[in-house]
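Novice: Before anything else, here's the structure in question.
The values are calculated or read from the model by the stated rules, or taken from the named source; none is laboratory data. Because the structure is predicted, anything quoted here is derived from the model rather than measured. All Cβ positions, even for glycine, are placed from backbone atoms using ideal geometry, and neighbour counts span all protein chains on display.
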Amino acid sequence: MTKAYTVTSLAKLRSDAVWRHATLHSQQRPQLYWFTRGQGRFAIGGVTRGYGPNTAIFIPASTMMSLDLAAQVQGVRLTLPLDPTLNFPGVPFHIRVSNVEAQSKFSGYVDMIERELAAHAVARDEALRAYGLLVSVWVSRQLDAQDGTILRDRTHVLAEKYAALVERGFRSGRGVAEYAEQLGVTPTHLSRICREASGRPALALLQERLMHEACRLLIDTDLPARDIAADLGYSSAAYFTRAFARLTGRTPSEFRKLAPMQQTLIPA
């Protein structure tokens with residue numbers, strides 16, 4: 001249980017290579033972001049929105065997302081266990097917390113989780129679960145105070161459904177036309193909705209998700225490019241190399257060599 005909770009400052013996230021947080025990806029565990037200073041944009045499930053101070057953003061596990069972190073942004077990311085009994089929402093939410101007492105209470109919970117993680121006290125797992133439940137209660141009360149509003153534009157449902165399909169199947173080699181057919185719409189209509197929701201067409205979202213995973217495999221594993229190409233559904237290593245170079249400006253081998261330089265990547 002101890003390893004299921006982590007607290008990471010946004011400054012620490014910002015010190016990583018830009019592509020790790022600013023391109024579309026997902027996490028295996030739920031994430032709760034708390035912004036205390038600065039502003040920027042984030043994407044969840046194919047929809048792009050803005051954030052500012054005192055904003056809480058919850059992202060369920062295996063949900064496609066990206067996050068812009070400008071130099072002035074401060075806050076934390078709380079990673080939570082895959083524990084349905086904590087009763088966090090099954091969908092993302094984005095709320096601004098204006099009540100000062102509520103802001104302080106959440107910060108206090110995060111501080112206590114950090115202390116438990118740093119200590120080696122008896123019953124640490126039980127304490128962490130207790131604080132996890134308190135955070136869940138805090139979330140429920142903040143949503144209730146805002147009439148249960150989870151800020152999601154209903155006109156963007158199609159973009160959210162597309163993003164969920166992409167997250168589950170981006171390794172399959174399927175193209176936008178096949179996803180559109182599965183959703184019962186034309187590729188043109190799907191791309192128009194994605195552009196309205198995120199500022200980018202459906203193909204760009206799919207390509208960015210693929211490129212993030214390609215970068216992760218190139219940097220975090222020793223797999224050869226041909227194996228990465230096969231894992232991501234490309235018909236050949238040569239096609240993968242051309243696609244990667246077109247979108248990032250570097251070949252896979254060049255990108256891997258530049259890893260110590262914390263190479264940035266924001267696909268077009």
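Novice: Which one of A180, A197, A164 is in contact with a His (Cβ under 6 Å, 6 or more places away or on another chain), surrounded by 15 or more Cβ atoms within 10 Å (Cβ to Cβ), in contact (Cβ under 8 Å) with a residue 12 or more places away in the chain and closer than 24 Å to V91 by Cα?
Specialist: Step by step, each of A180, A197, A164 is checked, and only A197 is in contact with a His (Cβ under 6 Å, 6 or more places away or on another chain), surrounded by 15 or more Cβ atoms within 10 Å (Cβ to Cβ), in contact (Cβ under 8 Å) with a residue 12 or more places away in the chain and closer than 24 Å to V91 by Cα.
Novice: Separate question: Of everything in the range 211-253, what is more than 19 Å from G169 (Cα to Cα) and of a type in the set (D, E)? Give them in sequence order.
Specialist: D220, D222
Novice: Quick one: would you say L151 is in a helix (DSSP H, G or I) and modelled with pLDDT under 95?
Specialist: Spelling it out, it is not the case that L151 is in a helix (DSSP H, G or I) and modelled with pLDDT under 95.
Novice: Same structure, new question: Here are some conditions: (1) in contact (Cβ under 8 Å) with a residue 60 or more places away in the chain; (2) touching a Gly at 6+ places or on another chain (Cβ under 6 Å). A22 meets all but one. Which one does it not meet?
Specialist: The failed condition is (2).
Novice: Now a separate question. So if I check each of F93, F88, F106, which one is touching a strand residue (DSSP E or B) at 6+ places or on another chain (Cβ under 9 Å), assigned by TED's automatic domain parsing to the domain that holds W34 and over 24 Å from R37 (Cβ atoms)?
Specialist: Step by step, each of F93, F88, F106 is checked, and only F88 is touching a strand residue (DSSP E or B) at 6+ places or on another chain (Cβ under 9 Å), assigned by TED's automatic domain parsing to the domain that holds W34 and over 24 Å from R37 (Cβ atoms).
Novice: Just checking, which of P81, P92 is crowded, with 16+ Cβ neighbours inside 10 Å, more than 24 Å from R41 (Cβ to Cβ) and either in contact with an Asp or Glu (Cβ under 8 Å, 6 or more places away or on another chain) or not β-branched (V, I, T) (or both)?
Specialist: The conditions single out P81.
Novice: Between L205, L232, which is outside the structural domain of G90 (by TED's automatic domain parsing) and crowded, with 21+ Cβ neighbours inside 10 Å?
Specialist: The conditions single out L205.
Novice: Only residues in the range 217-229 that are more than 19 Å from H25 (Cα to Cα) count as the first member; pair them with residues that are acidic (D, E), Cβ under 8 angstrom, at least 6 apart or cross-chain, and list the lot.
Specialist: These pairs meet every condition: L223/D231.
Novice: Which of the following residues is of a type outside the set (D, E), within 19 Å of H21 (Cβ to Cβ), at pLDDT 95 or above and out of contact with any Gly (no Cβ under 7 Å at 6 or more places or on another chain): A245, A204, A225?
Specialist: None of the others qualify; the one that does is A204.
Conditions tested, residue by residue: (1) in contact with a Ser or Thr (Cβ under 6 Å, 6 or more places away or on another chain); (2) in contact (Cβ under 8 Å) with a residue 40 or more places away in the chain; (3) within 24 Å of Y33 (Cβ to Cβ).
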| site | (1), (2), (3) |
| --- | --- |
| R115 | no, no, yes |
| V139 | no, yes, yes |
| G169 | no, no, no |
| T186 | no, no, no |
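Novice: So, G75, is that one crowded, with 16+ Cβ neighbours inside 10 Å and either outside any helix (DSSP H, G or I) or in contact (Cβ under 8 Å) with a residue 40 or more places away in the chain (or both) or not?
Specialist: The answer is yes for G75.
Novice: From the set of residues in the range 29-51 that are at pLDDT below 95 and not in a strand (DSSP E or B), which is farthest from R168 (Cα to Cα)?
Specialist: In this case the residue turns out to be G46.
Novice: What number goes with the only condition from (1) in a loop (DSSP other than H, G, I, E, B); (2) within 23 Å of the chain's Cα centre (by Cα); (3) not hydroxyl-bearing (S, T, Y) that V122 does not pass?
Specialist: (2)
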